[in-house]
């Protein structure tokens, strides 16, 4: 399965960068953005880098309010990346496998060096890594607790059969053998049939369980 990774956009300034470059850019962009903000209006915001543990091409850079809870982060990840059938999920400290209460507040958990592992669904798990980067004095517009600073552009994955066109469909049967990403034309002739198909979506859970990105 060959893929092409497009540049992703910083939602603060609109600049585009590769996965390797956007993290460096965002830190610089946040430094400049929050320097001009009146301190009387500022609140503590935590900058987190979240990515798929087994494929870092799927990533998020976010700001989250210090008094938000892990449950808020869980709901956010479900909405944007993983929710399909109401499976269980947990956060745990990386390397310790000790579950953390969803009621814990962000400022009670994150400090320099802290990395969490997030697992959604224990039957067909989607695993994410959540890294603390830094914190800023600033504000998020409206009543939202989380702001997306950057999200990966959807990787272009070539069809496993023709090797030319972008995949639009995933055969959930064939993907267990490391194949099954199909363009629209090849999907029409694929022997497994439409009942095995899921759409290609911009999520590390693409092709898993019943996930459709909706």
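Answer with yes or no whether residue 182 is over 26 Å from residue 9 (Cβ atoms) and touching a strand residue (DSSP E or B) at 6+ places or on another chain (Cβ under 6 Å). Yes, satisfied.
Among the residues that make up the stretch 90-113, is at least one of them in contact with a helix residue (DSSP H, G or I) (Cβ under 9 Å, 6 or more places away or on another chain) and under 25 Å from residue 5 (Cα atoms)? No, the stretch 90-113 has no match at all. Of everything in the stretch 121-158, what is closer than 15 Å to residue 57 by Cα and either part of a loop (DSSP other than H, G, I, E, B) or under 13 Å from the mean Cα position of the chain (by Cα) (or both)? Give them in sequence order. Scanning the stretch 121-158 gives 126, 127, 128, 129, 130, 150, 151, 152, 153, 154, 155. Considering (1) in contact with a strand residue (DSSP E or B) (Cβ under 8 Å, 6 or more places away or on another chain); (2) part of a loop (DSSP other than H, G, I, E, B), the lone condition that residue 118 does not fulfil carries the number (2). Based on what the data block shows, is residue 89 in contact with a strand residue (DSSP E or B) (Cβ under 9 Å, 6 or more places away or on another chain), farther than 17 Å from residue 131 by Cα and buried (at least 17 other Cβ atoms within 10 Å of the Cβ)? Yes.
Checked against (1) buried (at least 16 other Cβ atoms within 10 Å of the Cβ); (2) touching a strand residue (DSSP E or B) at 6+ places or on another chain (Cβ under 8 Å), residue 102 passes all but a single condition, namely (1).
Residue by residue, here is whether (1) more than 22 Å from the chain's Cα centre (by Cα); (2) buried (at least 18 other Cβ atoms within 10 Å of the Cβ); (3) over 21 Å from residue 124 (Cα atoms) holds:
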site	(1), (2), (3)
166	no, no, yes
169	no, yes, no
174	yes, yes, no
181	no, yes, no
187	yes, yes, yes
196	yes, no, no
199	no, no, no
206	no, yes, no
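Yes/no per residue for (1) free of Cβ contacts under 8 Å to residues at least 12 places away in the same chain; (2) crowded, with 19+ Cβ neighbours inside 10 Å:
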position	(1), (2)
28	yes, no
44	no, no
68	no, yes
93	no, no
114	no, no
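Let's see how each residue does on (1) surrounded by 16 or more Cβ atoms within 10 Å (Cβ to Cβ); (2) modelled with pLDDT under 95; (3) more than 22 Å from residue 201 (Cα to Cα):
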| residue | (1), (2), (3) |
| --- | --- |
| 1 | no, yes, no |
| 4 | no, yes, no |
| 7 | no, yes, no |
| 24 | no, yes, yes |
| 40 | no, yes, yes |
| 52 | yes, no, no |
| 57 | yes, yes, no |
| 77 | yes, no, no |
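Residues in the stretch 144-164 that are out of contact with any helix residue (DSSP H, G or I) (no Cβ under 6 Å at 6 or more places or on another chain) and closer than 23 Å to residue 26 by Cα were compared, and the one that is surrounded by the most Cβ atoms within 10 Å (Cβ to Cβ) is 152.
The values are calculated or read from the model by the stated rules, or taken from the named source; none is laboratory data. Remember, it's a predicted structure, so these values are computed and weren't measured experimentally. Backbone-built Cβ (ideal geometry, glycine too); neighbour counts: all protein chains shown.
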